[in-house]
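Have a look at the structure below before the remarks.
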Amino acid sequence: MGRKIYKEAIVIRNEIKDSRKLKKPERENRNPYEMAKKQIDIVAKEMNLDVRITKYLKKVERSLIVSIPVVMDNGDLEVFEGFRVHHSTVRGPGKGGIRFSPDVCLDEVKALATWMTWKNSLLNLPLGGAKGGVCVDPRKLSLKELERLTRRYTAEIINVIGPDIDIPAPDVGTDKRIMAWIMDVYSMQKGRSIPGVVTGKPIEIGGSVGRESATGMGLYFVIDALYKKLNLELSNATIVVQGFGNVGGTFAQILFEKGATVLAVSDISGGLYSKDGLDINKLIKWRDQNRLLKDFTEEDYIFVHNDEFLTLDCDILVPAAIENQISLSNVDKINCEIVLEGANGPTTPEADEILKERGIIVVPDILANAGGVCVSYFEYIQDIHSYFWKLDRINSELESIMVNTFEEVYQLSIKRNVSLRTAAYIIAISRLARAIELRGIFP
Ligand code: NAD
């Protein structure tokens, strides 16, 4: 698929004209919360947002920092630091994942909570934005240590979570098993079973079918809708996916099964590349046995170091690992037509400007990866009603919300001659600003 087709087909890039004069900034702030605030400023200027609302949105409602003492298997005591942040509950209870990673810090959690507010507002879900995390490398813990850590973290944040307050879900380093422990601690404290306190749970205890695959599925619905606009065939696309976890792995598998060529995938250990495409099903089986991609030797795949991975030539580049992956340090070498943001905050605002200047379309995180929270919302509704849907219903309602939201964003981007990111932010922030206006500022 040639670059020329894009040049002719896409209208979204009209902004290029205005941005050509841009000089590459010398420095960028990689603090994710500073990034999130900068994104608000960019959009506030574009939409002439009331300065009072801008000021309001640049703060989080509440941040809780907790210490989590854990007796390790060898009898030692380790004390971990954990967080839960509510950015906004103006449009409904907080909603957002819990991350277990050695890089977790308060500012990262604040940024992730802020992005959840925009995502939920963009999808018009009756939810606010929240996020949590623990600064820990879960791979270094035994299963029992992980369980003790999760249970104590839940006990420490118990007063700020709940079906009417804030509903956590899995994120990097957490999964359905961890959600089950959180639900158990919460339910034990309340004296009854309360499945609606978390989403992304196992199906047997109130989880939803389709939740695990939802984010990857949502990415597929969005890229499919964009490809249709461009009159291109997704089955002819070449794809590179950074991050082979829930999001990246599911997306790679869906595209592989749709006949697209997944040229490369990576995890924390590095990436694998084949010019003829990888066998994603084989690699998923490998991953599910807790093995790293760097150790995969069953096929003659080329190993690619993480530093070079994002610069591989492809049609669609999917950063689906962590924040700050496309930055001033590598943006000039990005070699794709479309960046589909599977991760939250993978592109710095400065790099985003340069991608725009280079005519690379960016499908922003708050749209692209919103399938996860969408099905989390379905799970929450099912728990509250104690009535569970079939997979067909989940996937068709997910598709309808994702495709309609894409269409809304796409149309606004054309109407206002702005990028998909700016259009998505305008929709999300306008909806939230209206809610603030209607509710007023207490007292
Ligand atoms: P995960 O823990 O299942 O997978 C993360 C993957 O990224 C793993 O393969 C890991 O090895 C890899 N990785 C981590 N650091 C890396 C690095 N520096 N370079 C290359 N690979 C690296 O996590 P996930 O749930 O798939 O989440 C991935 C991203 O998607 C995160 O930004 C998360 O916030 C976002 N997200 C997740 C969901 C969801 O439903 N899980 C929903 C929306 C957004």
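The values are calculated or read from the model by the stated rules, or taken from the named source; none is laboratory data. From a predicted model like this one, the values you see are computed outputs, not experimental measurements. Using ideal geometry, Cβ is built from the backbone for each residue, glycine included, and neighbour counts are taken over all protein chains shown. Surface accessibility is based on the protein's heavy atoms, side chains included, excluding ligands, DNA and RNA. Shrake-Rupley method; radii C 1.70, N 1.55, O 1.52, S 1.80 Å.
Which count do you get for residues in the range 163-195 that are within 26 Å of Asp267 (Cα to Cα) and assigned to a helix (DSSP H, G or I)?
5
With the requirement that a residue be under 20 Å from Gly245 (Cα atoms) and of a type in the set (Gly, Ala, Ser), what does the range 100-141 give you?
Ser101, Gly132, Gly133
If the requirement is being within 30 Å of Glu357 (Cα to Cα), open to solvent by 20 Å² or more (accessible area, probe 1.4 Å) and at pLDDT 95 or above, which of these qualifies: Leu412, Leu432?
Leu412
Given the conditions (1) touching a residue at least 60 places away in the same chain (Cβ under 8 Å); (2) out of contact with any strand residue (DSSP E or B) (no Cβ under 7 Å at 6 or more places or on another chain); (3) under 18 Å from Tyr56 (Cβ atoms), and given that Gly92 satisfies all but one, which numbered condition is not satisfied?
(1)
Would you point out the residue of the range 213-250, among those that are in a loop (DSSP other than H, G, I, E, B) and more than 8 Å from the ligand (Cβ to nearest atom), that is surrounded by the fewest Cβ atoms within 10 Å (Cβ to Cβ)?
In this case the residue turns out to be Asn231.
Which of the residues that make up the range 324-340 are open to solvent by less than 20 Å² (accessible area, probe 1.4 Å), within 14 Å of Ile239 (Cα to Cα) and more than 15 Å from the chain's Cα centre (by Cα)?
Ile334, Cys336, Glu337, Ile338
Please work out which residue is most open to solvent (accessible area, probe 1.4 Å), limiting yourself to the range 353-392 and to residues that are more than 16 Å from the ligand (Cβ to nearest atom) and touching a Lys or Arg at 6+ places or on another chain (Cβ under 8 Å).
Within the range 353-392, the match that is most open to solvent (accessible area, probe 1.4 Å) is Glu357.
For Thr150, only one of the following conditions fails: (1) assigned to a loop (DSSP other than H, G, I, E, B); (2) farther than 30 Å from Arg431 by Cβ. What is its number?
Every condition holds for Thr150 apart from (1).
Of all residues in the range 275-329, count the ones that are of a type in the set (Phe, Trp, Tyr) and either part of a loop (DSSP other than H, G, I, E, B) or touching a Pro at 6+ places or on another chain (Cβ under 6 Å) (or both).
Number satisfying all stated conditions: 2.
Name the one entry in Ala343, Ala321 that is surrounded by 19 or more Cβ atoms within 10 Å (Cβ to Cβ), within 13 Å of the ligand (Cβ to nearest atom), touching a residue at least 60 places away in the same chain (Cβ under 8 Å) and more than 23 Å from Ala423 (Cβ to Cβ).
Residue meeting the stated conditions: Ala321.
Does the range 257-271 hold any residues that are within 11 Å of the ligand (Cβ to nearest atom) and among the charged types (D, E, K, R), and which are they?
Asp267
Show the residue pairs that are 6+ apart or on different chains and have beta-carbon atoms under 7 Å apart, the first residue being within the range 120-148 and open to solvent by 10 Å² or more (accessible area, probe 1.4 Å), the second being acidic (Asp, Glu).
Cys135/Glu81; Ser142/Asp73; Lys144/Asp73; Glu145/Asp73
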